[in-house]
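No lab work stands behind these numbers, since they all come straight from the coordinates. Just so it is clear, the structure is predicted and the values come from calculations on it, not from any experiment. Cβ placement follows ideal geometry from the backbone for every residue including glycine, while neighbour counts extend to all protein chains displayed.
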Amino acid sequence: MSRYHDTYARWRDDPESFWAEAAAEIDWFRPADTVFDPEQGPFGAWFAGALCNTCHNCVDRHVQAGNGDRIAVRYDSPVTGKQGNYSFDRLLREVSALAAVMRQRGVGKGDRVLIYMPMVPEALVAMLASARLGAVHSVVFGGFAAEELALRIEDATPKLIVSASCGIETLRVVAYKPLLDAAIAQSQHKPATCLILQRKEHPCALIDGRDEDYAACLEAALAASEGTECVPVAATDPLYILYTSGTTGKPKGVVRDNGGHMVALKWTMAHHYGLAPGETFWAASDLGWVVGHSYICYGPLLHGCATVLYEGKPVGTPDAGAFWRVIAEHGVAALFTAPTALRAIRKADPEGNCIAEHDLSRFRTLFLAGERSDPTTVSWAEDKLQRPVVDHWWQTETGWPMSGNPVGLGLLPVKPGSAGVPMPGYDIRVLADDGTEKQPGELGNIVCRLPLPPAGFTGLWNAEGRYRETYFSEFPGHYATSDAGYRDADGYVFIMARTDDVINVAGHRLSTGAMEEVIASHPDVAECAVIGRADPLKGQLPLGFLVLTDGASRDEGALEREIVALMRKRIGPVAAFRNALIVARLPKTRSGKVLRGTMQKIADGVSVAVPAAIEDPEVLEEIRAALGRYDRAAGTQA
Ligand code: COA
Ligand code: AMP
């Protein structure tokens, strides 16, 4: 019998006692005056008055408890052929020394540290060193190009940047340093120091007076036995800013606090993921995404688990058995990945032959999130792995699952296509556009009643107006998730689509608005629209529609290549933008709004009603014809 229903009811009846009990699992330098203060911040604050330090709870605490020799980080890098473990003792030494290096370079409480790194342990060490000083880190995913990085540097104004000479993708080395230099050149704000990790695969030149060698600085601090104590911060002080895509090209800096974040994440490790301290947890994501923050770095370490830091892909490094090898070699108890990774594995190894080659005896559960889990992929994984495959749903803004199947409380029946049931902390409702509640089975806007639980984002960096407007104005008293879906009669949540212009490509959240801004900057483009078209591997792929400026006459292929190059340069390879087609007009409403949703349905071959407000229904036929021509030329669809 699952304890889920009792636990959820206990939370609903008395949220403050529920979270006070969870908070007892965290070391506080000073306890909170109140569990929840509704008067603080725009929507209240958790653990107001408390003093704490996240690094202390992730690292020092375990050493002080006599567990310093336990493994904290298991680095596995098939792209470099390297493996290496960090015990909690070693992690403490390196984090403390790196924090000393940062402090000597002027980083203190509240200062920002930007981290632009591949999946190497030094990135995680830098996050913890920043937390140790009470500084605020902002990790930028390595697949973003210079311009996106520049936007983040300009907004977060970091005193110090930690970066590396290169990252390694399956078949190519990605030189990070030129991207970093270009970003700093573009940004109004200039960091005082850049600590650069030199990698032997592609070392880089350092700029005098600004750049310093990461390893040399760390070595010197270690040799001189320099370290730092954990700086006490308010529970409500920011731990990090993580930029995520919104409707416009300007990314949103999601701000997360220290105290509530620790309480919620620690709770999930035992109760949602069902892990015990000392076990190994693996989130096969990237530190640059929220999944990486919560479940590569903070969650497992708070719980005294070992975390796997994997620098590789699900396929191609070297084959579709990579995930099963890592699980076997590191004794992984639970894996968290995106459905797209499983689809890639299934495509390469449909029979699951690689699975049988590895000892998965310590592996209990596969967790999926980041995009909708299609029932075919879930069934395939259940069948081949003979273990529970659990979908759960969350967002950068929440920092942990809003819905899921809490293995730690006892697995509930798995319903294919559903992201599980609401987690304690989340009162999930489905509302019509006018705010009235939908019946079970009816599609609507998914919202959560306020307040958000601990770890819910406390703001958008430098953008409080945007914070209130984007998330809290449409449905007063609720957090608007921008996801659409329904709940069934048993309360299971089904997430079907985004309600904004955000698309999900290979588990990466991307803004079509940002892509449109890039296309619109091309001199031959008068107007454009980008949609997310269904893709069997990556879930969605961006597709651009271009209207040429008067008099411009262009070869479609050549223009497409120019736009693709522009997109890689301005947003980065992560946009996975490869397709654009020229059309004479875009379908619009009479008030001039581009009908992207309708275009997307046509591109996906879904039946579509002609919107009542459309200016000229003929344009839809033109779009259909252009897509047909395009697909025939590409040899893809009929
Ligand atoms: N640094 C630099 N470039 C990167 C990068 C990084 N950290 N991550 C991805 N890229 C590049 C890729 O090399 C690729 O470049 P290319 O166009 O030159 O081939 C491009 O960005 C697109 O990447 P992606 O869409 O991820 O495609 P892929 O073919 O490299 O891999 C998958 C496909 C499905 C295997 C991969 O996307 C995956 O594992 N996704 C899971 C995502 C995930 O974990 N999301 C977090 C939510 S849980
Ligand atoms: P991110 O903030 O990058 O984690 O992306 C969050 C978005 O990814 C959500 O708003 C959803 O649109 C999508 N998403 C995440 N998890 C799931 C899931 N389990 N099922 C469906 N969509 C999901």
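Summary table below
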item: Residue that is farthest from ligand 1 (Cβ to nearest atom), among those in segment 157-173 that are among the β-branched types (Val, Ile, Thr) and touching a Cys at 6+ places or on another chain (Cβ under 6 Å); result: Ile161
item: Number of positions in segment 158-180 that are surrounded by fewer than 19 Cβ atoms within 10 Å (Cβ to Cβ), out of contact with any Ser or Thr (no Cβ under 9 Å at 6 or more places or on another chain) and not aliphatic (A, V, I, L, M); result: 3
item: Within segment 365-414, tally of residues that are of a type in the set (A, V, I, L, M) and either in a helix (DSSP H, G or I) or without any contact (Cβ under 8 Å) to a residue 12 or more places away in the chain (or both); result: 5
item: Residue count for segment 1-53, restricted to those that are in a loop (DSSP other than H, G, I, E, B) and either over 30 Å from Leu411 (Cα atoms) or among the acidic types (Asp, Glu) (or both); result: 18
item: Single match in Ala164, Ala145 (criterion: touching a residue at least 60 places away in the same chain (Cβ under 8 Å), away from ligand 2 (no atom under 16 Å from the Cβ) and within 30 Å of Gly316 (Cβ to Cβ)); result: Ala145
item: Residue count, segment 356-376 (criterion: surrounded by fewer than 20 Cβ atoms within 10 Å (Cβ to Cβ) and away from ligand 2 (no atom under 16 Å from the Cβ)); result: 8
item: Test set (1) within 16 Å of ligand 2 (Cβ to nearest atom); (2) without any contact (Cβ under 8 Å) to a residue 40 or more places away in the chain - Asp550 fails condition number; result: (1)
item: Index of the failed condition, Pro191 passing every other in (1) within 16 Å of ligand 1 (Cβ to nearest atom); (2) assigned to a loop (DSSP other than H, G, I, E, B); (3) out of contact with any Asp or Glu (no Cβ under 9 Å at 6 or more places or on another chain); result: (1)
item: First in segment 611-625 and in a helix (DSSP H, G or I), second anywhere and surrounded by 15 or more Cβ atoms within 10 Å (Cβ to Cβ), Cβ under 6 Å, 6 or more apart; result: Val619/Pro587; Leu620/Pro587; Ile623/Met599; Ile623/Ile602; Arg624/Ile602
item: Segment 202-218, residues that are surrounded by 13 or more Cβ atoms within 10 Å (Cβ to Cβ) and among the charged types (D, E, K, R); result: Arg210, Asp211, Glu212, Asp213
item: Residue in segment 96-142 that is nearest to ligand 2 (Cβ to nearest atom), counting only those that are small (Gly, Ala, Ser) and farther than 14 Å from Leu239 by Cα; result: Gly142
item: Residue within segment 110-122 that is assigned to a helix (DSSP H, G or I) and under 26 Å from the mean Cα position of the chain (by Cα) present; result: yes
item: All positions within segment 57-75 that are of a type outside the set (Phe, Trp, Tyr) and surrounded by fewer than 22 Cβ atoms within 10 Å (Cβ to Cβ); result: Asp60, Arg61, Val63, Gln64, Ala65, Gly66, Asn67, Gly68, Asp69, Arg70, Ile71
item: Matching residues in segment 328-355 - criterion: being in a loop (DSSP other than H, G, I, E, B) and more than 16 Å from ligand 2 (Cβ to nearest atom); result: Gly331, Asp349, Pro350, Glu351, Gly352
item: Matching residues, segment 342-375, being within 16 Å of ligand 1 (Cβ to nearest atom) and polar (S, T, N, Q); result: Thr365, Ser373
